[in-house]
Amino acid sequence: MASSIESIQRMLKLVMEEKKKPLNEIIKGLMNREKPVLPLIKPSKKISQGFIDRRWNILKEHTNATDEDQEKLLDSSKPIEDYSVYENNIENFIGMASMPIGLIGPLKINGAFAEGEYYVPLATTEAALVASYNRGAMVIGASGGCTTFILNEGVSRVPGFVFNTMIDSGQFILWVSDKLDIFKGIVEDTTKHGKLVDLNTTLEGNHVYLDFEFTTGDAAGQNMVTISTNAIYNYILENCPIKPVHSYIEANFSGDKKANAQSFQNVRGKKVVAEVIIPGKVIEDLLHTTAEKMAKQWVLSAVGSIMSGSIGVQAHIANGLAALYIATGQDAACVSESSIGITRAELTNDGSLYVCLTLPNIITGTIGGGTKLPSQSAALNIMNCLGAGNSRKFSEICAAMCLAGELSIAGAISAEHFTRAHQNLARGKNGK
């Protein structure tokens with residue numbers, strides 16, 4: 001978190017040049033505590049012509065927004081009733097953000113739940129991404145497919161309790177420790193799909209963290225576990241004889257939407273492993289490099305990851321996951337935790353390359369949330385993953401797709417094609 005004196009001075013100089021003001025006047029501006037004067041956007045999830053027009057009138061009066069901008073975000077030929085499907089997914093609606101969706105595949109998977117060949121839709125604005133993942137899928141297919149397996153699943157919510165002393169904390173844990181069956185019954189009253197499967201306690205002085213772990217069926221489950229944990233939380237506050245000084249429904253211990261060592265070691269969502277053995281000839285024909293070079297490149301990049309302080313060792317899992325999550329209506333913010341994992345490559349005795357990817361935090365759902373929206377449900381349906389009974393299959397497809405991306409980027413770097421591919425696809429052949 002440290003910044004050098006030179007970098008601070010450089011930034012101050014840039015700010016003064018940008019503002020065309022001396023430093024003391026800039027500081028006065030930073031300390032401005034006057035109330036906002038722009039009209040407030042009143043919160044509402046209602047989607048109607050009146051609400052939309054009011055918001056756009058504010059934008060066009062007080063910002064650079066124009067009628068043309070409104071037309072770009074709203075299809076005037078589409079009846080407003082068509083947008084009402086989004087009412088439970090967005091507040092203060094003003095329009096739609098269009099993003100191109102590309103297709104990779106077939107991606108051949110020999111999995112516990114995903115078994116067969118799949119075309120996978122990816123939503124992105126990054127040129128070369130779809131081409132790269134598609135090449136990785138070709139490598140997997142030419143190698144007979146990859147194997148996938150779900151090792152574990154669970155989603156946590158962790159309320160925190162503060163007591164006067166550690167003795168009170170210990171007594172609180174003793175009271176909680178034999179209430180698991182009661183807590184499970186409370187959860188059954190709040191959800192048809194979720195199950196409380198475990199409870200872990202952490203005592204830190206006069207602080208207690210209760211880690212409630214759930215399975216969430218075919219839903220991603222963040223809202224589900226929050227509602228269920230809240231019901232347990234209220235029961236504890238009403239019935240426990242050891243009263244906390246204060247408490248909170250979430251104590252930032254669950255790993256929700258952040259890369260963290262705890263869920264990396266355990267699970268958040270689904271822990272999925274994918275592996276493939278690539279013959280040397282396939283690497284030479286499709287990746288234009290060798291298994292030996294790719295194995296050496298992995299060793300170098302693994303050390304680089306460790307020295308940079310990365311959680312896990314992988315190349316660019318977030319690239320593919322963000323594209324797939326957006327295309328299929330997942331919570332895109334969960335990429336922050338879902339993208340940590342370990343990619344490993346090693347030579348085999350016959351000159352092939354063994355590559356394995358473990359992802360302990362795949363947060364996905366095939367029901368609820370954004371999965372029921374029109375384009376997102378269509379993307380899931382392409383993979384036969386829409387609706388109940390498909391979340392485990394979809395999680396294995398996620399892992400296989402990420403494995404394809406890891407293979408392709410490692411091959412491009414090993415063959416020294418990495419920069420050229422980005423120049424050709426993102427900027428044209430002249431790299432401009």
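Of all residues in region 138-159, which are part of a strand (DSSP E or B) and farther than 16 Å from residue 279 by Cβ?
Within region 138-159, the first condition is being part of a strand (DSSP E or B), and the residues that meet it are 146-157.
Once the filter is applied, which keeps residues that are part of a strand (DSSP E or B) and farther than 16 Å from residue 279 by Cβ, region 138-159 yields 148, 149, 150, 151, 152, 153, 154, 155, 156, 157.
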Here the residues within region 198-250 that are assigned to a strand (DSSP E or B), in contact (Cβ under 8 Å) with a residue 24 or more places away in the chain and within 25 Å of residue 270 (Cα to Cα) are 198, 201, 202, 209, 210, 211, 212, 213, 214, 215
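If a residue counts only when it is more than 30 Å from residue 365 (Cβ to Cβ) and free of Cβ contacts under 8 Å to residues at least 40 places away in the same chain, which helices (runs of 4 or more DSSP H) contained entirely in region 281-344 have at least 1 such residues?
Values: elements: 291-308, 317-328, 335-338.
Output list reads 291-308.
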How many residues are open to solvent by 40 Å² or more (accessible area, probe 1.4 Å), in contact with a strand residue (DSSP E or B) (Cβ under 9 Å, 6 or more places away or on another chain) and either at pLDDT below 95 or assigned to a helix (DSSP H, G or I) (or both) when one looks only at region 173-197?
5
Restrict the check to region 160-172 and report whether at least one residue is part of a strand (DSSP E or B), of a type outside the set (A, V, I, L, M, F, W, C) and in contact with a Ser or Thr (Cβ under 6 Å, 6 or more places away or on another chain).
no
Neighbours by Cβ (under 9 Å, 6+ apart or cross-chain): first from region 119-137, in a helix (DSSP H, G or I); second modelled with pLDDT under 95 and of a type in the set (Phe, Trp, Tyr):
none
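In region 145-155, what count of residues is obtained for those that are more than 30 Å from residue 106 (Cβ to Cβ) and either touching a helix residue (DSSP H, G or I) at 6+ places or on another chain (Cβ under 7 Å) or β-branched (Val, Ile, Thr) (or both)?
Here is the first cut: in region 145-155, the ones more than 30 Å from residue 106 (Cβ to Cβ) are 154-155.
In the following step, the residues that additionally are either touching a helix residue (DSSP H, G or I) at 6+ places or on another chain (Cβ under 7 Å) or β-branched (Val, Ile, Thr) (or both) were identified as 155.
Within region 145-155, residues that are more than 30 Å from residue 106 (Cβ to Cβ) and either touching a helix residue (DSSP H, G or I) at 6+ places or on another chain (Cβ under 7 Å) or β-branched (Val, Ile, Thr) (or both) number 1.
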Give me the pairs: first residue in region 407-430 and at pLDDT 90 or above, second residue aliphatic (A, V, I, L, M), beta-carbon distance under 6 Å, and six or more apart or on different chains, which are they?
407/139; 409/315; 410/294; 411/287; 412/421; 414/294
Selection from region 290-325 of residues among the hydroxyl-bearing types (Ser, Thr, Tyr) and either over 18 Å from residue 349 (Cα atoms) or in contact with a Phe, Trp or Tyr (Cβ under 7 Å, 6 or more places away or on another chain) (or both) yields 301, 305, 308, 310, 325
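Filter region 74-101 down to the residues that are of a type in the set (S, T, N, Q) and in a loop (DSSP other than H, G, I, E, B) and list them by number.
Once the filter is applied, which keeps residues that are of a type in the set (S, T, N, Q) and in a loop (DSSP other than H, G, I, E, B), region 74-101 yields 76, 77, 88, 89, 92, 98.
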Residues of region 150-164 classified as more than 18 Å from residue 219 (Cα to Cα) and open to solvent by less than 60 Å² (accessible area, probe 1.4 Å), total:
6
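For region 153-168, check the following and say yes or no: at least one residue is of a type in the set (Ser, Thr, Tyr), within 25 Å of residue 118 (Cβ to Cβ) and in contact (Cβ under 8 Å) with a residue 60 or more places away in the chain.
Of region 153-168, the ones of a type in the set (Ser, Thr, Tyr) are 156, 165.
Next, only the ones that are within 25 Å of residue 118 (Cβ to Cβ) stay: none.
No.
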Among (1) in contact with a helix residue (DSSP H, G or I) (Cβ under 6 Å, 6 or more places away or on another chain); (2) over 22 Å from residue 370 (Cβ atoms); (3) open to solvent by 30 Å² or more (accessible area, probe 1.4 Å) - the single one residue 209 does not satisfy
(1)
Is it true that residue 103 is in contact (Cβ under 8 Å) with a residue 12 or more places away in the chain, within 31 Å of the chain's Cα centre (by Cα) and open to solvent by less than 50 Å² (accessible area, probe 1.4 Å)?
no
Among the residues of region 179-188, is there at least one that is among the aliphatic types (A, V, I, L, M), in contact (Cβ under 8 Å) with a residue 40 or more places away in the chain and under 30 Å from residue 385 (Cα atoms)?
yes
Which residues, taken from region 112-149, are open to solvent by less than 20 Å² (accessible area, probe 1.4 Å) and of a type outside the set (Gly, Ala, Ser)?
120, 121, 122, 129, 133, 139, 140, 146, 148
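Looking at residue 392, is it modelled with pLDDT of 95 or more and open to solvent by 10 Å² or more (accessible area, probe 1.4 Å)? Lay out the reasoning, then the answer.
Numbers: modelled with pLDDT of 95 or more: yes; open to solvent by 10 Å² or more (accessible area, probe 1.4 Å): yes.
Yes, satisfied.
The values are calculated or read from the model by the stated rules, or taken from the named source; none is laboratory data. Small disclaimer: the values here were computed from a predicted structure and weren't measured. When we count neighbours, we look across all protein chains shown, and the Cβ atoms used for this are built from the backbone with ideal geometry, even at glycine. Accessible surface is based on the protein model in full, side chains and every heavy atom, while ligands, DNA and RNA are left aside. Shrake-Rupley method; radii C 1.70, N 1.55, O 1.52, S 1.80 Å.
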